[in-house]
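The values are calculated or read from the model by the stated rules, or taken from the named source; none is laboratory data. This structure is a prediction, so every number in the text was calculated from the model and none was measured. So basically every Cβ, Gly included, is an ideal-geometry build from the backbone, and we count neighbours across all protein chains shown. When the accessible area is computed, the model is the full protein with side chains, heavy atoms only, and any ligands, DNA or RNA have been set aside. Shrake-Rupley method; radii C 1.70, N 1.55, O 1.52, S 1.80 Å.
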Amino acid sequence: MSDTTPAAYDDLLDRVGRIANVSHASDLLSWDQQVMMPDEGTPARSRQLSALSAVEHDLLVADELGRLLDELETADLTPEQRAVVREVRREQERAVRVPTDLVERISAASSEALTAWREAREADDFGTFAPHLRELLDLKRRYAEHVDPDRDPYAVLFEEYEPCLPLDHAEDVLTTLREAVVPLVDDIRGADADLATDTFAGTFDADRQEALVRDALDDLGYPWERGRLDAAPHPFSTGTTYDARITTRYDETDPIGALLSTVHEFGHATYTLGLPDEAHGTPLGEARDLSIHESQSRLWENHVGRSRAFWEGFLPRVVEAFPAVGDPSVREAYEAVNAVDPSNLIRVEADELTYHLHIVLRFEIERDLIRGDLDVTEVPAVWNEKMESYLGVRPETDAEGCLQDIHWSHGSFGYFPTYSLGSVIAAQLFDAAEAEVEGLDDAIRAGEFDPLHDWLTDRIHRHGKRFETNELVSRATGDDVSADAFVDYAREKYGSLYGL
């Protein structure tokens, strides 16, 4: 403790560090459940995660933590210390309103729902998952009511993932995207363009795909001493600045899917790894929240991994790994990884343009479910109707429709808007990086990613939660969070690709 730091602040950090350690342990058990755990491990894992969630909640709502926060409200603190108090207060005020037994029930129900979702998707049987979804909706409505009974429950739940931007801001972004993307996709459908979509057609061994994505992670600068790569049914990244893990999945008919998925998860991991070690266990050592987290993954996946500059450098590696693709040109590779396919049903396989219509669909359904405007039994039909309306395609099975995503099995209602928020922020950030980092395209072309990584670390990663979302973006780019940069980028990129 320094001479100028209040004793209460150091006590606060000690308590917050314990909460963070319990949370990280829970995350690791969740990683194991999705990657390594035996099929029959669910009953025990459900109880373990439930117990940890209760411990974390009890630590967060402890009277002593509240007393320390009250004492520090009037203390002489640095801006960084004041940010820590603000962020802990935000979490503590929400948590103290929610009974511990409800937190335990949500955790246990989510763990059981995860297994049910896997079985339902494999069997193409929404009815298997429906009771679990109904239970989670009921529990999360109760959760929202405890936090604030006088507000829209969906807005309350959205704040779990993006606490700094109001829901109406997110809705404005989604509306702007829908109004821009739907007509652009319609123009692309009618365009007289013949993109090289079969550049990477064929069958590609999963082991060779893994070797290729490991090479890509090496090139990107993923530090293996602080991470690992595994396969999972639904790709994700989790961890801390000391241990940020990546998962991907392999489709032997689509080697580029695994590559871009891995680059996406690298973006998440490199954000986690860019947080300051010395602030680990405090809000200054945690990611700002999911909109910013998603901005990092979408930036690396789309503005780097789908860029012509990247493929000028990486295409020879793909050809070496898969000689059967022949000798495609950079232009053909670029067209293949950026082709718009409205007929695609799977969000994680969607092109970066129609992707947002997948998000709008999910957002509208989960919002109506939480608000009680839609019954669980109606989900498959409404999903299919919206898919046909927005993308002109209708799923033939629930496995490729409403059962494809893992999020609702986690009880993560309010999560989906952060994907589109992340994409628009990614476009803003990359515009700013291009303006400030001399020769950025040349560096990417040469496989030199440190300049971009260093810029992102300086502007975003190292700050943790010191700034709220809009201020963080504004400091990095000079503009508030908006969809304008993405819309301009999409119209220019896809107008050029399709000759619009």
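Within region 420-430, the presence of a residue that is of a type outside the set (S, T, N, Q) and either open to solvent by 40 Å² or more (accessible area, probe 1.4 Å) or more than 18 Å from the chain's Cα centre (by Cα) (or both) is excluded. Among the criteria (1) part of a loop (DSSP other than H, G, I, E, B); (2) closer than 30 Å to LEU353 by Cα, the one GLU171 does not fulfil is (1). Among the residues making up region 174-198, those that are more than 30 Å from GLY411 (Cβ to Cβ) and part of a helix (DSSP H, G or I) are GLU179, ALA180, VAL182, PRO183, LEU184, VAL185, ASP186, ASP187, ILE188, ARG189, GLY190.
Residues in region 235-278 that are open to solvent by less than 40 Å² (accessible area, probe 1.4 Å), out of contact with any strand residue (DSSP E or B) (no Cβ under 9 Å at 6 or more places or on another chain) and among the hydroxyl-bearing types (Ser, Thr, Tyr): THR240, THR241. Does region 86-140 hold any residues that are outside any helix (DSSP H, G or I) and open to solvent by 70 Å² or more (accessible area, probe 1.4 Å), and which are they? Listed by number, the residues that qualify are VAL96, ARG97. Please specify each residue of region 205-225 satisfying the condition of being under 25 Å from LEU452 (Cβ atoms) and open to solvent by 70 Å² or more (accessible area, probe 1.4 Å). Residues satisfying the conditions are ARG214, ASP218, TRP224, GLU225. Restricting ALA75, ALA54, ALA44 to residues that are part of a loop (DSSP other than H, G, I, E, B) and farther than 24 Å from PRO276 by Cα narrows the list to ALA75. Entry remark, region 481-494: residues being more than 23 Å from the chain's Cα centre (by Cα) and open to solvent by less than 10 Å² (accessible area, probe 1.4 Å) number 1 in total. Scan region 145-159 and give yes if some residue there is over 27 Å from VAL22 (Cα atoms), charged (D, E, K, R), touching a residue at least 40 places away in the same chain (Cβ under 8 Å) and open to solvent by less than 60 Å² (accessible area, probe 1.4 Å), otherwise no. Taking every residue of region 145-159 in turn, at least one turns out to be over 27 Å from VAL22 (Cα atoms), charged (D, E, K, R), touching a residue at least 40 places away in the same chain (Cβ under 8 Å) and open to solvent by less than 60 Å² (accessible area, probe 1.4 Å). Among the conditions (1) surrounded by fewer than 15 Cβ atoms within 10 Å (Cβ to Cβ); (2) modelled with pLDDT of 95 or more; (3) acidic (Asp, Glu), the only one that ASP11 does not satisfy is (1).
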